[in-house]
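The values are calculated or read from the model by the stated rules, or taken from the named source; none is laboratory data. All figures in this text were calculated on a predicted structure; none of them were measured in a lab. Here the Cβ is made from the backbone with ideal geometry for all residues, glycine too, and neighbour counts use every protein chain on show. These accessible areas exclude ligands, DNA and RNA; they are computed on the full protein's heavy atoms, side chains included. Shrake-Rupley method; radii C 1.70, N 1.55, O 1.52, S 1.80 Å.
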Amino acid sequence: MTAGFATQTIFALASGAGRAGVAVIRVSGPEAGAILDELTGRDRPPARRAMRVRLRGAADEVLDDGLALWFPAPHSFTGEDVAELHLHGGRAVIAAVGEALTGLGARPAEPGEFTRRAFDNGKMDLTAAEGLADLVAAETAAQRRQALRQMDGALAALYDDWRERLVRAQAHFEAAIDFADEDLPPGVEAEVRGALAGLADVIAGHLADGHRGERLRDGVEVAIVGAPNVGKSSLLNRLARREAAIVSATAGTTRDVLEVHLDLGGYPVILADTAGLRAAAEEVEVEGIRRARARAARADLRLAVFDAAAGEPDAETRALLNGDTLVVMNKADLGAPALDRLDGRPVLGVSARTGEGMEALLAALEAEVARRFGEGGPAPSRLRYRVALEEAEGAIRRALATGEAELAAEDLRLAARAIGRITGRVDVEDLLDVIFRDFCIGK
Ligand code: GDP
């Protein structure tokens with residue numbers, strides 16, 4: 001096979017690495033069919049049907065007994081000819097078949113190369129490709145649902161529609177420039193302007209979602225804050241159901257920010273224990289406290305913890321109470337009188353030691369997370385989308401503010417281009433390497 005400038009045939013292990021019952025190797029490119037014929041030494045399987053085959057290497061040695069599938073272009077994942085080999089999942093088998101494939105002219109794929117070819121061949125837009133990457137990485141049910149929806153084209157449909165509307169409005173303004181002397185039907189311009197204002201508002205609404213899509217993808221941040229020794233680390237361990245943080249009876253042991261990832265009713269939650277908030281003498285602790293404050297400030301939700309024996313939170317913790325804070329009274333096992341409400345907020349009494357109140361705390365936290373980040377329509381799941389949408393909205397509003405048709409047309413062109421870059425409908429060459437580099441090999 002000649003590699004050269006033409007598309008090369010690539011292969012990769014599509015299933016997870018390591019010992020397994022079955023391993024899947026995917027081969028894609030112009031030589032995939034010929035390579036498959038050579039490996040099996042028999043007729044090609046009918047399209048998209050599994051056929052039992054013996055794979056042979058150099059000197060006709062049998063390498064494995066498995067299944068082969070043949071997906072002729074363009075009806076394949078990449079849009080190219082694709083052969084799929086289902087082998088026994090042992091390292092030596094995978095290595096031997098890899099060697100045979102290389103001997104037949106295929107080369108190992110780069111990370112994300114299969115998906116990039118699928119994009120290049122118009123099998124999917126960029127949001128679908130990124131949805132696929134998210135689906136492979138999804139750890140909770142809400143992440144899986146969002147990724148699947150995106151892979152199915154929910155975002156692409158929305159963004160393509162907006163882009164088309166912008167292109168039409170741009171055409172209108174261009175017509176107004178070209179036919180300035182002729183009488184264009186009255187009222188049309190007002191109509192176009194009204195539609196554009198409506199679109200800018202829709203985009204603004206889509207952006208004002210409290211970063212729901214990004215949080216579902218990356219995790220909702222919950223910070224545990226409170227004075228030293230109130231039991232924050234113990235609480236984190238309880239919530240994480242394992243010993244993740246060092247619990248110690250000496251004040252100021254949590255010198256850094258510790259996080260655990262939880263699946264809370266299907267929502268991905270990143271729970272962070274922060275160093276006790278207090279005026280610290282020691283330098284390392286000062287840094288820990290600085291990080292704790294920063295973390296608490298940017299967290300989506302906070303658990304403000306105080307010691308039942310103290311009766312109420314210290315002033316500093318109290319100052320953190322806001323609409324995104326759950327008030328937690330720990331060490332309820334010590335027999336201090338329970339506090340039901342604080343500044344009009346419910347107080348959740350728990351004991352990190354006995355586990356008392358933990359279910360109620362988890363339920364309250366889950367309800368808060370669901371209320372803020374629960375599923376609605378498709379939401380922008382990456383910063384890249386958000387930035388482009390903000391740019392588009394700004395350009396539309398500029399177009400509406402100017403009285404010059406030329407300037408308006410140019411702004412609308414910029415807006416359409418910003419949205420087109422999200423899906424990859426317009427020039428995105430510069431973006432592709434960055435996007436697909438994050439994929440794993442075999443995807
Ligand atoms: P942090 O500094 O806020 O992270 O507090 P730690 O989790 O390190 O706990 C400080 C001390 O309080 C340790 O000796 C814990 O064993 C104790 N402690 C934590 N939670 C409870 C609880 O619910 N009940 C009782 N009795 N002691 C607790």
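Please find, among Arg52, Arg48, Arg42, the residue that is of a type in the set (Lys, Arg) and at positive phi. Talk me through it step by step, then tell me what you get.
On the way: Arg52 fails: at positive phi; Arg42 fails: at positive phi.
Among Arg52, Arg48, Arg42, only Arg48 is of a type in the set (Lys, Arg) and at positive phi.
Of (1) in contact with an Asp or Glu (Cβ under 7 Å, 6 or more places away or on another chain); (2) over 17 Å from Ala32 (Cβ atoms); (3) not in a helix (DSSP H, G or I), Arg44 satisfies all except one. Which?
Arg44 satisfies every listed condition except (2).
If I filter the stretch 309-323 for residues that are in a loop (DSSP other than H, G, I, E, B), of a type outside the set (A, V, I, L, M, F, W, C) and open to solvent by less than 50 Å² (accessible area, probe 1.4 Å), do I get at least one hit? Please lay out each step first, then the result.
First, pick out the residues of the stretch 309-323 that are in a loop (DSSP other than H, G, I, E, B): 311-314, 320-323.
Applying the additional criterion that residues be of a type outside the set (A, V, I, L, M, F, W, C) yields 311-314, 322-323.
Filter once more, so that each one left must be open to solvent by less than 50 Å² (accessible area, probe 1.4 Å): 311, 313.
Checked the stretch 309-323: at least one residue is in a loop (DSSP other than H, G, I, E, B), of a type outside the set (A, V, I, L, M, F, W, C) and open to solvent by less than 50 Å² (accessible area, probe 1.4 Å).
Checking the condition modelled with pLDDT of 65 or more, within 14 Å of the ligand (Cβ to nearest atom) and in contact with an Asp or Glu (Cβ under 6 Å, 6 or more places away or on another chain), which residue from Ala227, Ala223, Ala240, Ala245 passes?
Being modelled with pLDDT of 65 or more, within 14 Å of the ligand (Cβ to nearest atom) and in contact with an Asp or Glu (Cβ under 6 Å, 6 or more places away or on another chain) holds for just one of Ala227, Ala223, Ala240, Ala245, which is Ala227.
Here's a check for you: in the stretch 286-301, which residue that is of a type outside the set (A, V, I, L, M, F, W, C) and within 20 Å of Leu365 (Cα to Cα) is most open to solvent (accessible area, probe 1.4 Å)? Don't jump to the end; show me each part of the working.
Applying the first criterion (of a type outside the set (A, V, I, L, M, F, W, C)) to the stretch 286-301 yields 287-288, 290-291, 293, 295, 298, 300.
With the extra rule that they be within 20 Å of Leu365 (Cα to Cα), the set shrinks to 295, 298, 300.
On the way: Arg295: 20, Arg298: 140, Asp300: 24 Å².
Among those residues, the one meeting the criterion is Arg298.
Which one of these is part of a helix (DSSP H, G or I), surrounded by fewer than 14 Cβ atoms within 10 Å (Cβ to Cβ) and touching a residue at least 12 places away in the same chain (Cβ under 8 Å): Glu406, Glu391?
Working: Glu391 fails: surrounded by fewer than 14 Cβ atoms within 10 Å (Cβ to Cβ).
Step by step, each of Glu406, Glu391 is checked, and only Glu406 is part of a helix (DSSP H, G or I), surrounded by fewer than 14 Cβ atoms within 10 Å (Cβ to Cβ) and touching a residue at least 12 places away in the same chain (Cβ under 8 Å).
Would you confirm whether any residue within the stretch 117-130 is crowded, with 18+ Cβ neighbours inside 10 Å, closer than 21 Å to Asp218 by Cα and among the β-branched types (Val, Ile, Thr)? Even if it seems obvious, please write down each step before you answer.
Taking the stretch 117-130 as the starting set, the residues that turn out to be crowded, with 18+ Cβ neighbours inside 10 Å are 117-119, 123-130.
Those still in the list that are closer than 21 Å to Asp218 by Cα too: 126-130.
Applying the additional criterion that residues be among the β-branched types (Val, Ile, Thr) yields 127.
Yes, there is a match, as at least one residue in the stretch 117-130 is crowded, with 18+ Cβ neighbours inside 10 Å, closer than 21 Å to Asp218 by Cα and among the β-branched types (Val, Ile, Thr).
Tell me which residues, restricted to the stretch 20-40, are open to solvent by less than 20 Å² (accessible area, probe 1.4 Å) and under 16 Å from Glu113 (Cα atoms).
First, pick out the residues of the stretch 20-40 that are open to solvent by less than 20 Å² (accessible area, probe 1.4 Å): 23, 25, 27-29, 32-33, 35-36, 39-40.
If the condition is that a residue be open to solvent by less than 20 Å² (accessible area, probe 1.4 Å) and under 16 Å from Glu113 (Cα atoms), then Ile25, Val27, Ser28, Gly29, Ala32 are the ones that fit.
Looking at the structure I just gave you, is Ala17 open to solvent by 30 Å² or more (accessible area, probe 1.4 Å), assigned to a loop (DSSP other than H, G, I, E, B) and not assigned by TED's automatic domain parsing to the domain that holds Val136?
Numbers: open to solvent by 30 Å² or more (accessible area, probe 1.4 Å): yes; assigned to a loop (DSSP other than H, G, I, E, B): yes; not assigned by TED's automatic domain parsing to the domain that holds Val136: yes.
It is true that Ala17 is open to solvent by 30 Å² or more (accessible area, probe 1.4 Å), assigned to a loop (DSSP other than H, G, I, E, B) and not assigned by TED's automatic domain parsing to the domain that holds Val136.
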